[in-house]
Each structure stands twice: as C-alpha cells, then as structure tokens.
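*Asks:* The following block contains the structure, expressed as structure tokens.
The values are calculated or read from the model by the stated rules, or taken from the named source; none is laboratory data. Owing to the predicted nature of the structure, the values given are computational and were not obtained by experimental measurement. Every residue, glycine as well, gets a Cβ built from its backbone with ideal geometry; the counts of neighbours run over all protein chains shown. Note: accessible area is taken over every heavy atom of the protein model, side chains too, but ligands, DNA and RNA are not part of it. Shrake-Rupley method; radii C 1.70, N 1.55, O 1.52, S 1.80 Å.
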Amino acid sequence: MLALVGSACSGSDDGAAEPAATTTTTTAPPTGVEALRLNQIQVIGSHNSYKLKPRAELSSALDGLVPSLAAEIEYGHLPLAEQLADHGIRQLEIDVVADPDGGLYATPAALEILGIEEEPDPAMLEPGFKVQHIQDVDFETTCPTFTMCLSQIEAWSSANPNHLPVMVMVETKSDSLAEGAEGLDFELPDLGVEFVDPPDMTPELFDDLEAEVRSVFDDDELITPDDVRGDAETLEAAVLDRGWPTLAESRGKVLFSLVDTGESKDVYTADAPSLEGKLFFTSGTPGEPDAAFVRVDDSTTDGADLQRFAEAGYLIRTRTDSPGIHAPANDTSWRDSALASGANYLSTDYYVPDPTLGTGYVVELPGGAVARCNPVTAPPDCDDADLASDT
C-alpha cells in the first residue's frame with residue numbers, strides 16, 4: 001500500500017511557493033517466519049471436533065444392533081477452546097444440520113428407544129443450525145448449536161490475536177436414518193420410532209449458515225475466498241500463481257471451508273464458480289475454478305496426488321487415523337505418512353491418548369509444537385523453532 005506524505009520545502013527566491021514534494025513509502029514486506037504462506041506450514045487438526053463419546057447405555061445398545069457403527073463412534077473430544085489453547089489444534093471440523101424452525105433435533109430417537117426421558121436443552125428448541133455427528137444416534141456434543149461452537153472459537157481467537165490462522169471445516173448433513181435411506185454406510189433395524197429427516201441444503205439455508213458465522217465473527221477476523229482471489233480470474237489461479245496469504249497477513253484470523261461435495265456443493269457454488277462473495281472455501285477438485293483447498297483423506301494410497309497438489313500450491317487436509325481402526329491397534333501407518341506429506345492440516349481424533357484403548361496412540365508434531373515447516377512446501381531456510389508456539 002502506498003502512502004503519500006507531504007514535506008515542507010523552502011520557497012524560491014521570488015517568494016513564490018514551490019509545489020510540495022511527495023515522499024512515497026511502502027510497507028516493508030514480511031521477512032523470516034512471517035513471510036511464510038499458509039500452505040508452507042503444517043499443523044494438527046481434530047476430526048469431528050465437537051463430538052462427545054456416546055453415553056454408556058447407548059454404546060451398549062448400538063454394539064448389539066450395529067457393532068461396526070458402535071466401534072466407529074466410540075471417541076470424543078475436549079471443548080473447542082481447550083483444544084486450541086492447550087493442545088495446539090489449528091484446524092477444527094464441525095458437522096451441522098439445518099433446523100430452520102427449531103426443535104427438530106431436541107428429542108433424539110435413541111433416548112426414546114432406551115426409555116430415557118430428558119428435558120430438551122432450550123437451545124435445541126430455537127431456530128438455527130445444530131451440531132451433531134449422526135442425528136438421533138450420535139448426538140452428544142460440547143456445543144449443541146453452531147453459534148455456540150463459533151462463539152467458543154471467536155473468544156479464544158480474540159484473546160490470542162497472534163495465533164496462526166485456524167481452519168474451520170464445516171459439513172452440512174441431510175441424510176435420514178430411516179430404513180433403506182441412501183447415503184449411509186450402515187442400516188438400523190426397524191425400532192418402531194420415527195427418525196428425523198434433516199432438510200436438504202438450499203441457497204437460502206446456505207445464506208443462513210453464512211449469516212450465523214458473520215453474527216459471531218467480524219469481517220477483519222476472517223480470511224475469505226475474495227481475500228485470496230483478489231483480481232485473479234479464478235480462485236484456483238490465485239493460489240497457484242500468486243499464492244496464499246502470508247502469516248503476517250493471517251495471524252489472528254479464521255478461515256472456513258465447506259466439506260460438502262456433490263449436490264450440496266453444487267447448490268453453494270451455482271451462482272459463484274470462483275466463490276465470488278462467498279464465505280466458505282470449498283472442498284475443491286483441482287482444475288475447477290473454486291479449487292484452492294483440497295482434501296486427500298488417505299495419504300498412504302493417494303500420496304502421489306497429495307504431493308502433486310502440495311507442490312502446485314493448494315491448501316491440503318489429510319487424516320492421520322480413522323475411528324475404530326488405527327488407534328485401537330496402534331497402527332501408525334496413516335499418521336506417519338501424513339506427517340511426512342505435504343498436507344497442511346493433519347486431522348486426528350487422538351491429539352491426546354485415549355486411556356480406554358491402552359495403546360498410547362497419539363498424534364502430535366515433534367516436541368509438541370503448534371506448527372512446523374511443511375516437509376514439502378516450506379522454503380529451505382524455514383526454521384521449525386520459529387513456529388513452535390503462537391500464543
């Protein structure tokens with residue numbers, strides 16, 4: 001940015017005033033660690049960051065009905081602010097279901113099946129997006145509503161204005177648990193209860209979702225697709241040609257991405273192929289105009305693609321473990337592959353070990369650092385020590 005500053009000059013011999021001289025100053029470009037771009041660092045993230053373990057009686061019932069599902073959801077997380085403050089998590093994942101009139105998820109079917117009567121949380125009766133992994137079954141969370149989750153993140157962020165940018169991945173869900181419903185990898189037997197059928201996402205509901213984010217975060221706390229695209233023809237061209245913002249430009253900020261693919265993503269991008277005016281980055285496919293953030297879940301099988309995407313300049317999330325598989329067996333194959341990859345966000349359910357597993361499985365950067373130089377994309381002079389802490 002240029003700043004023109006007038007300076008006083010001596011008058012001419014005849015006393016006529018000479019034009020004021022102007023001095024052009026420029027803001028010095030960042031140096032050292034502050035010159036690193038978002039895609040040149042690596043941080044730990046959490047998967048389904050809001051989720052609590054199901055209560056014991058529900059776990060037991062599910063183990064008898066659908067053992068594979070029971071094993072898959074037997075994990076839980078600390079409150080979001082605690083993850084950010086105490087465990088260096090810099091990427092979060094939040095699942096939401098639309099509830100435009102309120103009360104749709106206030107009385108989960110699983111409690112009815114178990115004969116448990118509870119007064120609904122008043123927040124669940126209000127209109128707005130609710131936060132649940134699988135409605136009616138895996139519904140217990142550290143923040144029942146989307147705005148509650150957002151408020152926890154914003155409060156921590158405001159209290160720590162020097163923090164590295166936090167990525168919040170959001171997935172909208174609309175699958176029904178009704179018998180024979182599509183989109184699920186499990187099937188519940190007929191249990192004589194009515195399951196909720198979440199609304200499909202519409203342009204209006206996506207507007208509501210963005211409005212909830214903006215009701216909590218000010219514009220200057222966010223990194224949006226427009227910020228990154230600038231005057232480039234497409235968002236993809238911007239990140240591949242010019243690159244992501246630097247750490248100096250990004251500290252204290254949050255960026256949001258939409259996990260949705262298929263029809264839901266098509267609804268969101270229909271009038272904005274490069275995410276013009278949108279708040280969320282999308283789960284992109286390289287070669288498409290909105291592609292900037294890319295998910296490669298399994299770096300052990302798709303490592304070549306991940307490496308190629310990293311070298312090109314995309315921001316990448318991969319996973320270090322899958323629930324019910326890697327941590328119980330202390331299988332570190334995904335974890336070790338992810339750590340060595342060019343992924344920027346390494347998503348785990350085990351940033352602290354789960355003592356009930358007895359395996360000690362945990363995912364962290366060397367020395368428990370908040371961030372480190374990306375093994376693939378960081379410049380040669382990048383020093384991990386400069387990224388170890390950010391608060």
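*Asks:* Any residue in the stretch 76-90 that is within 24 Å of P353 (Cα to Cα), among the charged types (D, E, K, R) and surrounded by fewer than 17 Cβ atoms within 10 Å (Cβ to Cβ)?
*Replies:* yes
*Asks:* Which one of D390, D384 is among the acidic types (D, E), open to solvent by 40 Å² or more (accessible area, probe 1.4 Å) and over 17 Å from H77 (Cα atoms)?
*Replies:* Answer to the selection: D384.
*Asks:* Take V362 and tell me if it is touching a Pro at 6+ places or on another chain (Cβ under 9 Å), free of Cβ contacts under 8 Å to residues at least 24 places away in the same chain and more than 29 Å from A232 (Cα to Cα).
*Replies:* yes
*Asks:* Next question, about the same structure. Exactly one condition in (1) surrounded by fewer than 18 Cβ atoms within 10 Å (Cβ to Cβ); (2) touching a strand residue (DSSP E or B) at 6+ places or on another chain (Cβ under 7 Å); (3) not basic (K, R) is not met by A270; state its number.
*Replies:* Against the list (1) surrounded by fewer than 18 Cβ atoms within 10 Å (Cβ to Cβ); (2) touching a strand residue (DSSP E or B) at 6+ places or on another chain (Cβ under 7 Å); (3) not basic (K, R), A270 comes up short only on (2).
*Asks:* With respect to S157, determine if the residue is touching a His at 6+ places or on another chain (Cβ under 7 Å) and at pLDDT 95 or above.
*Replies:* Considered against the rule, which asks whether it is touching a His at 6+ places or on another chain (Cβ under 7 Å) and at pLDDT 95 or above, S157 comes out as yes.
*Asks:* Follow-up. Among L104, L164, which is in a loop (DSSP other than H, G, I, E, B), out of contact with any Ser or Thr (no Cβ under 6 Å at 6 or more places or on another chain), farther than 30 Å from R90 by Cβ and modelled with pLDDT of 95 or more?
*Replies:* Step by step, each of L104, L164 is checked, and only L104 is in a loop (DSSP other than H, G, I, E, B), out of contact with any Ser or Thr (no Cβ under 6 Å at 6 or more places or on another chain), farther than 30 Å from R90 by Cβ and modelled with pLDDT of 95 or more.
*Asks:* Pairs please, first residue from the stretch 30-56 and closer than 26 Å to V97 by Cα and in contact (Cβ under 8 Å) with a residue 60 or more places away in the chain, second anywhere and small (G, A, S) and open to solvent by less than 20 Å² (accessible area, probe 1.4 Å), Cβ atoms under 6 Å, 6+ apart in sequence or on different chains.
*Replies:* So the pair list comes out as G45/S347; H47/S347.
*Asks:* Inside the stretch 209-231, can you point out the residues that are closer than 16 Å to E249 by Cβ and assigned to a loop (DSSP other than H, G, I, E, B)?
*Replies:* T224, G230
*Asks:* Further, regarding this structure: Against the condition in contact with a strand residue (DSSP E or B) (Cβ under 6 Å, 6 or more places away or on another chain), open to solvent by less than 60 Å² (accessible area, probe 1.4 Å) and in contact (Cβ under 8 Å) with a residue 24 or more places away in the chain, how does D95 come out, does it pass?
*Replies:* It is true that D95 is in contact with a strand residue (DSSP E or B) (Cβ under 6 Å, 6 or more places away or on another chain), open to solvent by less than 60 Å² (accessible area, probe 1.4 Å) and in contact (Cβ under 8 Å) with a residue 24 or more places away in the chain.
*Asks:* Then there is this: Among the residues of the stretch 62-72 satisfying the criterion of being surrounded by fewer than 22 Cβ atoms within 10 Å (Cβ to Cβ) and of a type in the set (A, V, I, L, M), which is nearest to L258 (Cα to Cα)?
*Replies:* Here the residue is L69.
*Asks:* While we're looking at this one, here's another question. Quick check on my filter: what residues within the stretch 360-381 are within 20 Å of L306 (Cα to Cα), open to solvent by less than 40 Å² (accessible area, probe 1.4 Å) and part of a loop (DSSP other than H, G, I, E, B)?
*Replies:* Result: V363, L365, N374, T377, A378.
*Asks:* With (1) in a helix (DSSP H, G or I); (2) within 28 Å of the chain's Cα centre (by Cα) as the list, and E112 as the residue in question, which single condition is left unmet?
*Replies:* Unmet condition: (2).
*Asks:* Separate question: Looking at the stretch 236-269, which of its residues are at pLDDT below 95 and at positive phi?
*Replies:* Within the stretch 236-269, G262 is the sole residue that qualifies.
*Asks:* Could you list, ordered by first residue, the pairs with Cβ atoms under 7 Å in which the first is in the stretch 284-296 and in contact (Cβ under 8 Å) with a residue 24 or more places away in the chain and of a type in the set (G, A, S) and the second is surrounded by fewer than 20 Cβ atoms within 10 Å (Cβ to Cβ) and assigned to a loop (DSSP other than H, G, I, E, B), at least 6 apart or interchain?
*Replies:* The qualifying pairs are A291/T285.
*Asks:* I'm trying to understand the selection: among the residues of the stretch 211-221, which are surrounded by fewer than 17 Cβ atoms within 10 Å (Cβ to Cβ) and out of contact with any Ser or Thr (no Cβ under 8 Å at 6 or more places or on another chain)?
*Replies:* A211, R214, D218, D219, D220
*Asks:* Moving to a separate point now. Which residue out of E112, E82 is among the acidic types (D, E) and at pLDDT below 95?
*Replies:* Working: E82 fails: at pLDDT below 95.
Selected residue: E112, the only one of E112, E82 that is among the acidic types (D, E) and at pLDDT below 95.
*Asks:* Follow-up question, since we're still on this one. Would you be able to tell me the number of residues in the stretch 42-61 that are open to solvent by 50 Å² or more (accessible area, probe 1.4 Å), among the hydrophobic types (A, V, I, L, M, F, W, C) and assigned to a helix (DSSP H, G or I)?
*Replies:* Number satisfying all stated conditions: 1.
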